[in-house]
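The values are calculated or read from the model by the stated rules, or taken from the named source; none is laboratory data. Source: prediction; values computed, not measured. Counting neighbours? That spans all protein chains shown, and the Cβs are built from the backbone with ideal geometry, glycine included. What goes into the accessible areas is simple: the full protein's heavy atoms, side chains included, and nothing from ligands, DNA or RNA. Shrake-Rupley method; radii C 1.70, N 1.55, O 1.52, S 1.80 Å.
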Amino acid sequence: MGSSLTLAGALWAFLSFLTAVASSASYFMPYWLLGSQLGKPVSFSTFRRCTYPAQTEEGKLVMVEECGKYASFGAIPSLSWQICTVVTGIGCALLLLVALAAVLGCCVEELISRMMGRFMGAVQFVGGLLISSGCALYPLGWNSPEIQQTCGNASNQFQLGTCRLGWAYYCMGGGAAVAMLICTWLSCFAGKQPKPVMLVKSILQSANPYGVELECCLKQ
C-alpha cells in the first residue's frame, strides 16, 4: 500500500484532521459563551444552550440544568447567530471533506497530485474563512434579550457584560486560523510530482490508440 503524499503532505494530512475535528466538535459544543442566570451557570453556542428557564405548574420560574438545541431554526435568539450557524456549518463540512481526502491520500497511491493538493488547500482556505466569518458575526447577537438576561442585562454587540467567552469559541477560531494559514501553505507541497515515465505513459495512452504497444516498448 503506497502513499500519494510527501513528508510535508503527511504533516498536512495530520494537521487537516486535527483542525477539522477541533472545529467540528466546537461547532456542536454549547460552550461559546458562558454566563449565569438565577444563580445557575448558563452557556450558549449558536444553536444550542445549556440551562434554560422554565415555569413550574405553580407558576414559579426555575432553571432547568440540561443542554439542548433550539426547537427550530427561527428560535435561535438573533439573525446574526442564525447566519453564523449556517456559515460555520458549511466551513466545518469543507474542512471535514478535505481532511478525509488527505487521510485517504496517506494510504492510496496517486490519489493526490501536486495540483490536487493545491486545490484542496484552496478549499481549506475557504472553509477557514467561512468559520472565521462566523466567529466574527457571533458578537453581533449579544444584544438579544435572551443573552442580556444571562449577562447581567449589561451585554451589547461586542460587549460581554458579566459573561465571558468559552473554550469552544477559541477552539473554533484557532482551528480556522490553522486551516487558513498553515494547512493551506502545506497543501502546496502535499502531493508527489508524477514520475517522468508514468507521465509519458499517460500522454501516449491518451494521445493515440497504440498507447498500449508503446507502453510495452518503454518497458524494454
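Using the Stokes-Einstein relation with a Kirkwood hydrodynamic radius computed over Cα pairs, the translational diffusion coefficient of the chain at 4 °C and a viscosity of 1.567 mPa s comes to 65 µm²/s. Counting only DSSP H runs of at least 4 residues, each contributing -39500 (n - 2.57), and dividing by the residue count of the chain, the helix-based mean residue ellipticity at 222 nm comes to -17000 deg cm²/dmol. Taking Phe125, Phe14, Phe44 in turn, the Gaussian network model of the chain (Cα-Cα springs below 10 Å) assigns the largest fluctuation to Phe14. When nucleic acids and ligands are ignored and a 1.4 Å probe is applied, Trp185 ends up with an accessible area of around 150 Å².
For the chain, the longest principal axis of the alpha carbon atoms and the long axis of helix 114-137 meet at an angle near 10°.
Considering only Ala71, Ala22, Ala154, the mean-square fluctuation computed in a Gaussian network model of the chain, springs between alpha carbons under 10 angstrom, is largest for Ala71.
Are there any trypsin sites (Lys or Arg not before Pro) in segment 45-145 that are in a DSSP loop and have at most 10 other Cβ atoms within 10 Å? List them by number. When the trypsin sites (Lys or Arg not before Pro) of segment 45-145 are filtered for loop state and at most 10 Cβ neighbours within 10 Å, Lys60 remain. Label positions at Cys188 and Glu110, each projected 7 Å from the Cα along the C-beta direction, are separated by 2.8 nm.
Please report, as a whole percent, how much of the solvent-accessible surface of the chain comes from carbon and sulfur atoms (probe radius 1.4 Å). After summing per-atom areas, the C and S share lands at 68 percent. Against the chain, whose longest principal axis is taken from its Cα atoms, helix 79-105 shows a tilt of about 30°.
Against the chain, whose longest principal axis comes from its Cα atoms, helix 196-207 is set at around 80 degrees.
As a length-normalised measure over Cα pairs under 8 Å and 6 or more apart, the relative contact order of the chain settles at 29 percent. Note on the chain: antiparallel DSSP beta bridges, both residues inside, total approximately 95 percent of the bridges counted. Rounded to whole numbers, the Karplus 3J(HN,Hα) couplings from phi for segment 25-41 are 5, 5, 4, 8, 7, x, 10, 7, 10, 10, x, 8, 8, 6, x, 10, x Hz, using 6.51 cos²θ - 1.76 cosθ + 1.60 with θ = phi - 60°, and x at Gly and Pro.
When you restrict to C-alpha pairs under 8 Å that are six or more residues apart and normalise by the size of segment 111-167, the relative contact order lands at 21 percent. Considering the chain as a Gaussian network with a 10 Å cut-off on Cα pairs, which listed residue, Gly39, Gly59, Gly117, attains the greatest mean-square fluctuation? Of Gly39, Gly59, Gly117, the Gaussian network model singles out Gly59 as fluctuating most.
Taken per residue, the accessible surface of the chain reaches 54 Å², heavy atoms only and a 1.4 Å probe. With the simple spin-label model, which puts each label point 7 Å out from Cα in the Cβ direction, the Glu66 to Arg118 separation comes to 5.4 nm.
Under a model in which nothing but the beta-carbon of Lys, Arg (+1) and Asp, Glu (-1) is charged, segment 1-106 shows a dipole of about 140 debye around its Cα centre.
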